[in-house]
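The values are calculated or read from the model by the stated rules, or taken from the named source; none is laboratory data. Computed from a prediction, not measured in an experiment: that's the story for all the values here. Note: ideal-geometry Cβ built from the backbone for every residue, glycine included; neighbour counts use all protein chains shown. SASA here: full protein model, heavy atoms, side chains in, ligands and nucleic acids out. Shrake-Rupley method; radii C 1.70, N 1.55, O 1.52, S 1.80 Å.
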Amino acid sequence: MSAATTRSRTPDRLCAEAVDLARAAAEEAAAPGVVGEHAGVVSEGDRVVTHFFACKELGYRGWRWAVTVARASRAKIVTLDEVVLLPGPDALLAPEWVPWSERLRPGDLGPGDLLPTDQDDLRLEPGYTGEEEPPPNSPLSEEMRELAEAEDADVTPGAPAVQPTVPTRGTIASVAEELGLRRARVLSRYGLRAAADRWEEAFGPKAPMAQAAPASCVSCGFLAPIGGSLGQAFGVCANEFSPADGRVVSLAYGCGGHSEAAVMPKPPQPASPVIDETRVDPFPLRPARDSGSVPEAGDDETAELGHS
């Protein structure tokens, strides 16, 4: 360890003894009565010392006033460097800022809310292909294929032909199985109409969310179509932030999470800051008495107005 390193870790004696100078500077920069007791000294380098004072300001629990003093080589006069308010080890700090896109959770979207969709949203792709699977040039095509293979699993080992649910040969169910009509009964017109009425009432055009939506689901990229006759009027919502996620919705329904309602613009890149290091701007810690917009009146002038 060099001698310079040893000196930098040992606080300078004259700078460490300048507690009164540091306290006066902290009280001048802070509001009256918020500078507490002396909380320690830290050496910042050769003849550079920082004094810490407790902060009694409301809302700043654990913060400390840091006053840095220094002196020149072979000088006996200690001068003030800077005064700042810094958080201590157990200081009460504000939580780290999180972008809105990461704070948003499913179900947060309400009537009248508009959820911007990024132009490069990975959940959407061009709809001109007319196919369910991504095109070969899609960035998600290979990833989705691997994900489908990883999540595909058989609950019961063996082919469907050897499952115990296969109907006995010679029965009506076995004949329906050979014709591709496995189900013995399907929904009637009454059953279809009753289901459509329920879905229309829950997620239809008269819902409060649909009344405040910028567009309907018929033009939304998150709408997954369904087959059969009900597919002409309904689909399945696949937007995780929509209150209808995973629900059958009417094509006339809508919410603020519409894929084409708003596209989030890319934030502009700020220019690099230009710092002029050739001049020094004075910054007084306390404003002058005559720096206000209204001149200060003397006792003679206030006496004429009848002030006591």
- request: Could you run through the range 84-96 and say how many residues are closer than 17 Å to E28 by Cα and assigned to a loop (DSSP other than H, G, I, E, B)?
  value: 0
message: Let me confirm something: among E96, E37, which residue is within 30 Å of D20 (Cα to Cα) and open to solvent by 30 Å² or more (accessible area, probe 1.4 Å)?
response: E37
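For the range 217-266, give me each residue that is among the charged types (D, E, K, R) and touching a strand residue (DSSP E or B) at 6+ places or on another chain (Cβ under 8 Å).
D245, R247, E260
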task: Return the pairs, sorted by first residue and then second, in which the second residue is open to solvent by 30 Å² or more (accessible area, probe 1.4 Å) and β-branched (V, I, T), the first residue lies in the range 184-213 and is under 11 Å from L230 (Cα atoms) and in contact (Cβ under 8 Å) with a residue 40 or more places away in the chain, the beta carbons are less than 8 Å apart, and the residues are 6+ apart or on different chains.
output: W199/V248
message: List the helices (runs of 4 or more DSSP H) inside the range 2-83, counting only whole elements, that have at least 2 residues being among the β-branched types (V, I, T).
response: 3-9
- request: Pairs only if they're at least six apart or on different chains, beta carbon under 8 angstrom, first in the range 41-70 and over 25 Å from T10 (Cα atoms) and of a type outside the set (V, I, T), second crowded, with 18+ Cβ neighbours inside 10 Å and at pLDDT 90 or above; list them, first residue then second.
  value: C55/V35; C55/W63; C55/R64; C55/W65; K56/V35; E57/W63
query: Restricting attention to the range 64-87, does a residue exist that is over 22 Å from E17 (Cβ atoms), at pLDDT below 90 and either within 36 Å of the chain's Cα centre (by Cα) or open to solvent by 70 Å² or more (accessible area, probe 1.4 Å) (or both)?
result: no
field: Flag for A22 being touching a strand residue (DSSP E or B) at 6+ places or on another chain (Cβ under 8 Å), buried (at least 18 other Cβ atoms within 10 Å of the Cβ) and either modelled with pLDDT under 85 or farther than 23 Å from P89 by Cβ (or both)
entry: no
- request: Filter the range 202-231 for residues that are open to solvent by 40 Å² or more (accessible area, probe 1.4 Å) and over 23 Å from L124 (Cβ atoms) and give the result.
  value: A202, P205, K206, P208, Q211, G228, S229
query: Within the set of pairs 6+ apart or on separate chains, which have a first residue in the range 214-225 that is without any contact (Cβ under 8 Å) to a residue 60 or more places away in the chain, a second that is exposed (fewer than 14 other Cβ atoms within 10 Å of the Cβ) and part of a helix (DSSP H, G or I), and C-beta atoms under 7 Å apart?
result: P225/G231
